[in-house]
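S.K.: Pasting a structure here, questions to come.
Where a number appears in this text, it was derived from the coordinates with a stated rule and is not lab data. Just so it is clear, the model here is predicted, and its values are computed rather than measured. When we count neighbours, we look across all protein chains shown, and the Cβ atoms used for this are built from the backbone with ideal geometry, even at glycine.
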Amino acid sequence: MKDKGIISLIGVSKLYGIGDVTIKALDGIDLTICAGEYVSIMGPSGSGKTTLLDVITTMMIPTSGKVLIDGIDTTRMSNSELASFRGKKIGFIFQTFNLLPKLNALENVMTPLWINGVPREEREPRAKALLKEVGLEDRMFNRPNQLSGGQKQRVAIARALAMDPEIIVADEPTGNLDSKSGALVMEVLSKLHKDEKRTILLVTHDEGIGKKAERRIFLKDGRIINHDEKHVCQLNGYGKSKPKKG
Amino acid sequence: MNFMAVDRDVVEVSIKNLRRAGIRTYLTLIGVIIGIAAIVSLLSVGQGLNVAVEEQFQQLGSNTIFIIPGAASMSGSGSAGISLTQADLDRLGGIKGISDVIPIYAGAATMTYRNEKAGISIYAMEAGKANIFGDTGFMQVAEGRMLSNNDSEGILIGDSISKDLFSRPLETRKIVLINGVEYKVVGVIKKESQSFGGGSSSNTTVYMSLEAYKRIFTGELSPGIVFAKTYTRADVEDAAAEVKKVLEKNYGEKSITVYSSDQLLTSINSVLGIVTLFLVGIGGISLIVGGIGIMNAMITSVMERTKEIGLMKALGASNNKILMIFLLEASFIGAIGGAIGIVIGFSLSILVSLIGTAVGFSLVAYIGPEIAVGALIFSMFVGMISGILPAINAAKLDPVVALRYE
């Protein structure tokens, strides 16, 4: 268990069958990401970076190989175990924000709270505190269509943090934002890494954005091409899991 | 892990989603409303008919045996294959448990009033015994008086005879000729008052005493129907069996139809029940169409909300939770449609009973909690069944595909 990191992929492959042709989206990936690391996954489109993210977030079960999160093999979990595991361990940030259009900012942030069974009385205070943290305390009751792109993404970040997850995954988080809003979002991510010691996984094809991470993983044709040294988390100064706030 | 994944949040979210769905939900509701309204109104009217029939029989008394010459028929007065004689009646009077034998004689005749002639039907019985029915609500007199004992000249006439049969109203104390014999109208029967056996309306019937009847019809008289009363209700079944036995011994099997009032009630109600069931079945078909409407709306809704479903899965919602959200939404459409349908259905049945009463048919719509509760449960059930397929579709969506669905 030790030194396996918060995320460990062992021989992970994902095959798609399209007609008679089989496409290897992931081809025997071995990867360890340490608790508290800030990692960017880069590569051209079709390189498998989105599939890699899907597998790590347990949204997709790999064809073969193991995906260990916190030392637990997620490929053997049932659907409901996976769902609740995902809800509590992983916070998602998307390129297209994926806010529910008919809910206001506060309700959007509260969505993971009711899904994951957080007691009712805790939900609103927690969501309000998070919105305040991302600087949207005066936008709580606005619906997504009344918010700018940067504001929407900050609501999404607040939502990703709602369950206080150890891992934050961001899939092209600045892709739909102007450079100023994008920079602000990247700043928030850096802060989550530095101040809160969360594990950040950033998928991007933008070199400039990818550079913000401590470690960069390049993918091509479903393989990691900058094969990093045998990654031993504790030797590199990373703890096994992030210290909880408060 | 809660397998069914139903909690307060899931319920609340389902309701919120419904409120947001707008016009499609309302249109879907209409389908359910029509189906449930049809079922509820038909059940309510059908049950009202049952109650009305039962009340008539209660008025008649549950210790009554109906004896109709001829094979079984529901038409009331005898399609006589045989003629019962006075000796038969005396024999019936001697059967254990029977307190009273009341033969009713029926005949057709011509009535003449102020040189106008018209056909009428006559019911006759011993005048003293007519009061037995008078007491129970039969032959209630609206004007004038009941027949008196041994009244060989007085007659009671139905409402229609009084008002409509002749160009001038025929009122009490007027003299008429029946088959050329003079009679005096002593009373007019109330319009709503029932006839014997629930058959043709008393409005066109003339009632007279046996003595009066004998002035027109001579020779050996044979009753069209005989009522036998027993001392207690407990005697009815045994006495009825004995009556049948005694008469069949004389006239052969199937020569006579004997009902206790309970038996008659049961057979009438079973016919009514079949008719009601048939009509409710037709209503049920419209509810099936409503259910298909729910299914259609839910499938569309699942498609529209594909991305939302993907997001919820990413945020930690299990397949079961998604399933329950959609299943509950469909059930709520059923329940809300059902509730509105119940109100409309009962309103319709009240309307029917008002119209019925206005045209002289006393019917009270039955507004029973069991109909309402049953209809509500049924409509929720239909909603839920209709929601199963769309909900499974939603639950089975691949989260990755759903999340990136455009």
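S.K.: Return the aspartates and glutamates within reach of residue B:163: Cα separation strictly under 13 angstrom, same-chain partners fewer than 8 residues apart disregarded; answer none if there are no such residues.
M.R.: Those aspartates and glutamates meeting the cut-off are B:143, B:171.
S.K.: How high is the relative contact order of chain A, in percent, with contacts defined as C-alpha pairs under 8 Å that are six or more residues apart?
M.R.: 31
S.K.: Continuing with the same structure: Taking chain B as a Gaussian network, where each spring joins two C-alpha atoms under 10 Å apart, which residue of B:177, B:29, B:49 fluctuates the most?
M.R.: Ranking B:177, B:29, B:49 by mean-square fluctuation puts B:177 first.
S.K.: In sequence order, what are the phi-derived ³J(HN,Hα) couplings for segment B:375-382 according to the Karplus relation 6.51 cos²θ - 1.76 cosθ + 1.60 with θ = phi - 60°, rounded to whole Hz, with x for glycine and proline?
M.R.: 5, 5, 4, 5, 5, 4, 4, 4
S.K.: What value, in deg cm²/dmol to 500, does the helix sum -39500 (n - 2.57) over DSSP H runs of n ≥ 4 give at 222 nm once divided by the residues of chain B?
M.R.: -18500 deg cm²/dmol
S.K.: Explain nothing, just the number: relative contact order of segment A:130-169, from Cα pairs under 8 Å at least 6 residues apart, as a whole percent.
M.R.: Reported relative contact order: 50 percent.
S.K.: Same structure, new question: Going by amide H atoms built from the backbone, whose H comes under 5 Å of the H on residue A:220, apart from near neighbours?
M.R.: A:225
S.K.: Report, in whole Å, the centroid distance computed from the Cα atoms of segment A:1-40 and segment A:74-117.
M.R.: Answer, in whole Å: 22.
S.K.: What do you get for the angle between helix B:236-251 and the principal long axis of chain B? Use alpha-carbon atoms, 0 to 90 degrees, nearest ten.
M.R.: 50
S.K.: Report, by chain and number, residues whose modeled amide H sits under 5 Å from the one on residue B:260, excluding near sequence neighbours (fewer than 5 apart, same chain).
M.R.: For residue B:260, whose amide H was placed from the backbone, the distant partners under 5 Å are B:66.
S.K.: How big is the convex hull of the Cα atoms of chain B, per residue, in Å³?
M.R.: 184
S.K.: Another one. With a Förster radius of 45 Å, plug the Cβ-Cβ distance of residue B:351 and residue B:255 into 1/(1 + (r/R0)^6) and report the FRET value to the nearest 0.05.
M.R.: About 0.45, to the nearest 0.05.
S.K.: As I understand it, the dipole of chain A uses +1 on the Cβ of Lys and Arg and -1 on the Cβ of Asp and Glu, about the Cα centre. Which of A:125, A:199, A:218 lies farthest toward its positive end?
M.R.: Of the listed residues, the answer is A:125.
S.K.: What is the magnitude of the charge dipole of the protein assembly as shown about its Cα centre, with +1 placed on the Cβ of each Lys and Arg, -1 on the Cβ of each Asp and Glu, and no other charges, expressed in debye to the nearest 20?
M.R.: Here the protein assembly as shown has a charge dipole of around 2380 debye.
S.K.: Another one. Please rank A:223, A:76, A:159, fewest neighbouring Cβ atoms within 10 Å first, as an exposure proxy.
M.R.: A:76, A:223, A:159
S.K.: Let me ask something additional. Using only the alpha-carbon atoms, how far is helix A:79-89 inclined from the longest principal axis of chain A? Give it as 0 to 90 degrees, nearest 10.
M.R.: Tilt relative to chain A: about 70 degrees.
S.K.: Please work out how much length the chain gains when fully extended from residue B:218 to residue B:115, using 0.36 nm per residue of separation minus the C-alpha to C-alpha distance, in nm with one decimal.
M.R.: Full-extension gain reported as 34.6 nm.
S.K.: How far is the Cα center of segment B:313-343 from the Cα center of segment A:140-186, in Å?
M.R.: Result: 31 Å between the Cα centres.
S.K.: If neighbour count is taken as other Cβ atoms inside 10 Å, put A:206, A:178, A:20 in order from fewest to most.
M.R.: A:20, A:178, A:206
S.K.: Report, by chain and number, residues whose modeled amide H sits under 5 Å from the one on residue B:102, excluding near sequence neighbours (fewer than 5 apart, same chain).
M.R.: Here the answer is B:227, B:228, B:229, since their amide H atoms fall under 5 Å of that of residue B:102.
S.K.: Which semi-axes, in whole Å and largest first, does the equivalent ellipsoid of the protein assembly as shown have when worked out from the alpha carbon gyration tensor as the square roots of 5 times its eigenvalues?
M.R.: 90, 24, 18
S.K.: Another question, then. Please report B:326, A:218 as a ranked list, fewest other C-beta atoms within 10 angstrom at the top and most at the bottom.
M.R.: Ordered by Cβ neighbours within 10 Å, fewest first: A:218, B:326.
S.K.: Choose one answer from B:358, B:212, B:330: the residue with the largest mean-square fluctuation in a GNM of chain B with alpha-carbon springs under 10 Å.
M.R.: Between B:358, B:212, B:330, it is B:358 that shows the largest mean-square fluctuation.
S.K.: Here's something else I'd like to know. May I ask for the angle, rounded to the nearest 10°, between helix A:120-133 and the longest principal axis of chain A, with both axes built from Cα atoms and the value confined to 0 to 90°?
M.R.: Helix A:120-133 and the main axis of chain A meet at about 80 degrees.
S.K.: What are the GluC sites (Glu not before Pro) within segment B:202-303 that DSSP puts in a loop, where the Cβ has at most 10 other Cβ atoms within 10 Å?
M.R.: Answer in residue order: B:220, B:253.
S.K.: With viscosity set to 0.890 mPa s at 25 °C, what whole-number translational diffusion coefficient in µm²/s follows for segment B:308-378 from Stokes-Einstein and a Kirkwood radius over Cα pairs?
M.R.: 163
S.K.: If the convex hull of the alpha-carbon atoms of chain A is projected onto planes in all directions, what is the mean projected area in square nanometres?
M.R.: 13.8
S.K.: Would you work out which of A:163, B:11, B:224 lies farthest towards the positive end of the dipole of the protein assembly as shown, given +1 charges on the beta-carbon of Lys and Arg and -1 on that of Asp and Glu, about the Cα centre?
M.R.: So the residue we want is A:163.
S.K.: Considering only B:310, B:357, B:323, whose Cα is most displaced toward the positive end of the charge dipole of segment B:275-406, charges sitting on Cβ of Lys, Arg (+1) and Asp, Glu (-1)?
M.R.: With unit charges placed on the Cβ atoms, the residue in question is B:310.
S.K.: Separate question: Could you pull out which residues in segment B:91-131 have an amide N less than 19 Å from a spot 7 Å beyond the Cα of residue B:262, following the Cα-Cβ vector?
M.R.: Output list for this probe position: B:96-100.
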